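A short write-up of the structure that comes next.
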Amino acid sequence: GAVVSQHPSRVICKSGTSVKIECRSLDFQATTMFWYRQFPKQSLMLMATSNEGSKATYEQGVEKDKFLINHASLTLSTLTVTSAHPEDSSFYICSALGNTDTQYFGPGTRLTVL
Amino acid sequence: AQSVTQLGSHVSVSEGALVLLRCNYSSSVPPYLFWYVQYPNQGLQLLLKYTSAATLVKGINGFEAEFKKSETSFHLTKPSAHMSDAAEYFCAVIRKSGGGADGLTFGKGTHLIIQP
């Protein structure tokens, strides 16, 4: 139980294009999902908290107009990186909040912007 | 604000030896603490968590951790290391910033190397 998927697992795009990443909780409903970013050989940094049916809450320093988050259902949150640039290249990981304050993580999406 | 510090970016042990990964926390409220493992190019898998119940927490794959308030520590141990334990390990604490669900603050991670 408590499986979270992400799609795609890898994406390569040209600078200036937009990329959408999906995060799904497969066997449970999650009113809250989180998006993290991980640079090579570094820890995860929280980008934003996604709540079903409401606006996402962004961490300080994260541009909300660049990283668009939509949590339209209890099992799906999407992160859209708009007008991506090479510095946006990173490993993006989502998590879904289950019972008892436990976050279940997706396998991550490797974004490379050329 | 809550934070965690992992001592040692790399830890190397021999197969069959004790594994000890250190984590100290700082929190103004009773903390909820977690250990996650990450294999290369994968997401994080929960090993165990402390949520103010028993101070000795047993997790998956033979790992356990003990919450010590007096030492503000939550070290991860395993009696006998396997080659398959080689991975990156993250200690994390729930951020408490008011109402609603909170994300996690992670330590910088410890890379566990198992020597044959």
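What list of ³J(HN,Hα) values in whole Hz, one per residue of the stretch A:79-85 in order, does the Karplus curve 6.51 cos²θ - 1.76 cosθ + 1.60 (θ = phi - 60°) give from phi, with Gly and Pro shown as x?
For the stretch A:79-85, the Karplus-derived couplings read 10, 10, 8, 8, 6, 5, 10 Hz, x marking Gly and Pro.
Can you list the residues, at least 5 places off or on another chain, whose amide H is less than 5 Å from the amide H of A:A48, using H built in the peptide plane?
A:W35, A:E59
Any idea what the dipole of chain A comes to, in debye rounded to 20, about its Cα centre with Lys/Arg Cβ at +1 and Asp/Glu Cβ at -1? Intermediate values should be presented prior to the final figure.
Working: 10 positive and 9 negative charges, 66 e Å.
Computed charge dipole of chain A: roughly 320 debye.
With no solvent and one point on each alpha carbon, what is the Debye value of log10 I(q)/I(0) for chain A at q = 0.19, 0.22 Å⁻¹?
Calculated log10 I(q)/I(0) at the listed q: -0.94, -1.24.
Residue-wise, which Karplus ³J(HN,Hα) couplings in Hz belong to the stretch B:19-32, taking 6.51 cos²θ - 1.76 cosθ + 1.60, θ = phi - 60°, and x for glycine or proline?
For the stretch B:19-32, the Karplus curve yields 9, 9, 10, 9, 9, 10, 10, 9, 7, 8, 10, x, x, 9 Hz.
Here is the link list: A:K41/B:K49; B:K58/B:K108; B:K78/B:K108; A:K41/B:K58; A:K64/B:K58. Which ones come out longer than 30 Å on Cα distance? Let's see the in-between values first.
On the way: A:K41/B:K49 24 Å; B:K58/B:K108 23 Å; B:K78/B:K108 20 Å; A:K41/B:K58 27 Å; A:K64/B:K58 39 Å.
Checking Cα-Cα distances, A:K64/B:K58 exceed 30 Å.
Any number yet on Rg/Rh for the protein assembly as shown, C-alpha, Kirkwood?
On the way: Rg = 17.7 Å, Rh = 18.2 Å.
Looking at the protein assembly as shown, the ratio lands at 0.97.
Starting from 0.36 nm per residue, how many nanometres of slack lie between A:S15 and A:V3 once their C-alpha separation is accounted for? Display every interim value, and only then the final one.
Working: separation 12, 0.36 × 12 = 4.32 nm, distance 3.22 nm.
Fully extending the segment from A:S15 to A:V3 adds 1.1 nm.
What's the extension gain from A:T31 to A:E59 if we count 0.36 nm per residue and subtract their Cα-Cα distance?
Numbers: separation 28, 0.36 × 28 = 10.08 nm, distance 1.85 nm.
Here the segment from A:T31 to A:E59 would lengthen by 8.2 nm.
Along the charge dipole of the protein assembly as shown, Cβ charges K/R +1 and D/E -1, which of A:P107, A:G16, B:S84 sits furthest on the positive end?
Projecting each Cα onto the dipole axis, the largest value belongs to A:G16.
Would you kindly enumerate the cysteines in chain A that have no other Cys beta-carbon under 4.7 Å from their beta-carbon?
A:C13
Counting other Cβ atoms within 10 Å of each Cβ, which GluC sites (Glu not before Pro) in the stretch A:48-114 have at most 11 and sit in a DSSP loop? Numbers along the way, then the final one.
Details: sites: A:E52, A:E59, A:E63, A:E87; in loops: A:E52, A:E59, A:E63.
Of the GluC sites (Glu not before Pro), the ones in loops of the stretch A:48-114 whose Cβ has at most 11 other Cβ atoms within 10 Å are A:E63.
Read the figures in this text as sums done on the coordinates, not as results from a lab. Every value quoted in this text rests on a predicted model; they were computed, and no experiment measured them. FYI the Cβ positions are ideal-geometry reconstructions off the backbone, even for glycines, and counts take in every protein chain you see.
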